[in-house]
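Please treat every number below as a calculation from the coordinates, not as lab data. In this text, all values refer to a predicted model and were calculated from it rather than measured experimentally. With ideal geometry, Cβ positions are generated from the backbone for all residues, glycine too; neighbour counts draw on all protein chains shown.
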């Protein structure tokens, strides 16, 4: 019984040593453009998509914008562009949303998308 435990321990140590010796698997990058910002916009009182809301992202001189469509609350902006963004959202009849300093970094293949969820409050 003592020899069996010893052999199992040796096999475990040998396998661990081999695992450390193996090269890391290569990174496979997909061929698509990732949004730097993914912003979902909702009506705060109903939870429904805020169709028609204008989402604007700016970073220095750079500017990108999109409107929330009837297909859903999510808009993508500034594709494959790292930076520090000011994000604003507005819609007629609703309060204004603004967030500065939204940081987007570069990953190994694409940008690391920043996700924001915005609940717009209707103006009484």
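Just a few scattered comments:
- Gyration tensor verdict on region 37-120 (Cα atoms; rounded if a/c is under 1.5, prolate if a/b is larger than b/c, oblate otherwise): prolate
- For a label point 7 Å along the Cα-to-beta-carbon line of residue 70, residues of region 39-54 with backbone N under 12 Å: 51-52
- Segment residue 25-residue 61, extension gain: residue separation times 0.36 nm, minus the distance between their alpha carbons: 9.0 nm
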